[in-house]
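Right, one structure below, let's go through it.
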Amino acid sequence: LQELRDAGVTVASASDNVRDYWLSCGSDYDMLAVWSQTQGLCHLETAPNEGTWADIVTTSPARAMGLLDETTSPLQVGQEANVILFPGARTASELFARPHNDRIVIRKG
């Protein structure tokens, strides 16, 4: 994945989040779980540093689907934003290391 990204290819990771025949554990509509699985399976935990690959489950899928172009910032002054805070995680490795039931969800903030 790193080589593809370096070549300018939009690299994204996603899931339909459904427990079914193909993925019996699903991810219960949890993009943090998808990001965590992608980090582990693709060895991206520290490449080149933690947090670098956050876009693989956020802006990159939006760009791949044509919902966001390369010139548009996903966050703009005056726009509403949905944000999830993880107060129990001080680093990206702590974010992936354990479950976080203390999530704070802010919608249309």
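The numbers here are math on the coordinates, done by the rules we state, and not lab data. Source: prediction; values computed, not measured. No Cβ is skipped: glycine too gets one built from the backbone with ideal geometry, and neighbour counts run over all protein chains shown.
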### Summary
Once Lys and Arg are counted +1 and Asp and Glu -1 for all other residues with Cβ under 14 Å from that of Arg63, the total becomes -2
### Query
Working from the pairwise distances between different alpha carbons, so that the mean of 1/r is found and then inverted, what is the chain's Kirkwood radius in Å?
15.4
### Task
Name the most mobile residue of Asp20, Asp55, Asp30, meaning the one with the largest mean-square fluctuation, in a Gaussian network model of the chain with Cα contacts below 10 Å.
Asp20
### Query
Applying 1/(1 + (r/R0)^6) with R0 = 25 Å to the Cβ-Cβ distance of Gln79 and Val105, what FRET efficiency is obtained, to the nearest 0.05?
0.90
### Query
To the nearest 500 deg cm²/dmol, what mean residue ellipticity at 222 nm is calculated for the chain from DSSP H runs of n ≥ 4 alone, each contributing -39,500 (n - 2.57), summed and divided by the residues?
-6500 deg cm²/dmol
### Most mobile listed residue (Thr71, Thr91, Thr52) in the chain, GNM with C-alpha springs under 10 Å
Thr71
### Query
Name the GluC sites (Glu not before Pro) in the chain that are in a loop by DSSP and that have at most 10 other C-beta atoms within 10 Å, would you?
Glu70, Glu80
